[in-house]
Amino acid sequence: MKINIYNNKQEIGNAVASVIAGKVLTKTNCILGLATGSTPIPTYNSLIELYKNGVVDFSGVRTFNLDEYYGIGSMHEQSYYKFMYDNLFSKINIDLKNTKIPSSQPKNLEQECIDYDESIEKAGGIDLQILGIGHNGHIAFNEPSDVFTYGTHIVDLTEDTIQANKRFFNSIDEVPKKAITMGIGTILKAREIIIIATGKDKANAIKAMLSKNIDPKCPASILNAHTNVTVFLDKEAASLI
Ligand code: F6R
């Protein structure tokens with residue numbers, strides 16, 4: 001894995017946005033894999049600026065998001081659908097029909113997971129996947145476990161993740177306990193992966209990921225098996241490596 005260390009979140013956002021813009025400019029009908037959470041917000045802000053300045057055109061771009069809370073409904077204030085609309089899609093010229101996020105309330109859960117992986121395949125596969133990392137080493141919502149799960153699936157969120165996400169809800173009781181997430185196999189099929197981590201609270205997870213010990217107890221460690229991963233860190237997230 002290549003490792004790039006920056007002074008702060010904004011520098012990372014500008015750098016990752018430049019990589020994304022480069023991909024969009026050079027790959028016709030580029031397919032992006034996108035993440036939610038606090039980490040990619042500076043990247044999305046920088047992409048919006050690049051769009052406004054006429055540098056990048058999203059009209060031919062398709063996107064697939066990593067995950068969605070199960071059961072809350074896509075119009076919920078904290079749904080990842082709403083997050084993507086508010087923080088990126090409503091501010092660039094992407095066709096909403098070309099943006100896909102797992103359904104929060106699928107009629108048939110098993111079929112939704114199968115269809116999600118199939119729609120990525122049919123689109124031609126993800127050219128560039130953006131990831132954040134959880135304190136417990138999760139990527140998307142692949143939580144620490146005894147095994148890696150290959151395809152898109154439903155997952156029980158761990159206590160650590162529920163605690164980390166409660167900052168977005170009125171109370172811990174409102175935080176969804178389940179999510180639909182791309183699996184490890186879905187993520188690894190991306191042709192290129194960028195993983196971003198900022199802040200001291202991510203330093204342990206980054207250390208575990210980079211230990212080269214591939215272990216489902218640190219899901220991000222599987223990225224050592226991919227040949228085109230770049231890690232974007234601020235100094236704090238890099239402080240233990
Ligand atoms: C979000 C996602 C999660 C987050 C991770 C870090 O789509 O898949 O894995 O990337 O929980 O979240 P933040 O960025 O809020 O620290």
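General remarks:
- Long-range HN-HN contacts of K178 with modeled amide H, under 5 Å: Y70, L157
- Adding -39500 (n - 2.57) for every DSSP H run of four residues or longer, then dividing by how many residues the chain holds, sets the calculated 222 nm ellipticity at -9000 deg cm²/dmol.
- The residues neighbouring S239, those whose beta-carbon lies less than 14 Å from its own, together hold a net charge of +1 under the Lys/Arg +1, Asp/Glu -1 convention.
- Available extension along the chain between N228 and S18 is 73.9 nm, counting 0.36 nm per residue and deducting the alpha carbon span.
- Relative contact order for region 11-146, counting Cα pairs under 8 Å that sit 6 or more residues apart, in percent: 28 percent
- Take each peptide in 194-201, 150-157, count the other Cβ atoms within 10 Å of every residue, and average; sorted highest first, the result is 194-201, 150-157.
- Per the Kirkwood formula applied to alpha carbons, region 1-59 shows a radius of gyration over Rh ratio, Rg over Rh, of 0.97.
- Computed across the chain, the Kirkwood hydrodynamic radius from all distinct Cα-Cα pairs reaches 17.9 Å.
- Looking at region 98-127, the trypsin sites (Lys or Arg not before Pro) that sit in a DSSP loop and have at most 11 other Cβ atoms within 10 Å of their own Cβ are K107.
- Counting neighbouring beta carbons within 10 Å and listing from fewest to most, the residues V55, V229 come out as V55, V229.
- Each Lys or Arg adds one and each Asp or Glu subtracts one; over the other residues with Cβ under 11 Å from the Cβ of K200, this totals -1.
- Pairs exceeding 18 Å between alpha-carbon atoms, taken from K2/K27; K9/K202; K2/K212; K52/K91; K27/K52; K200/K235: K2/K27; K27/K52.
- Mean shadow area of region 181-241 over all directions, Cα convex hull, nm²: 4.1 nm²
- Positive-end extreme of charge dipole, the chain - chosen from P176, I31, F232 (charges on Cβ): F232
- Rounded FRET efficiency, nearest 0.05, which uses the C-beta distance separating E121 from S59 and R0 of 35 Å: 0.90
- Across region 132-241, counting alpha-carbon atoms alone, Rg and Dmax equal 13.8, 41 Å.
- Residue-count net charge about R62 - beta-carbon cut-off 12 Å; Lys, Arg +1, Asp, Glu -1: +2
- Top positive-direction residue, dipole computed over region 1-132 with Cβ charges, set V55, A21, I120: V55
None of the figures in this text is laboratory data; all of them are computed from the coordinates on show. Not measured: the values here are computed from a predicted model. So basically every Cβ, Gly included, is an ideal-geometry build from the backbone, and we count neighbours across all protein chains shown.
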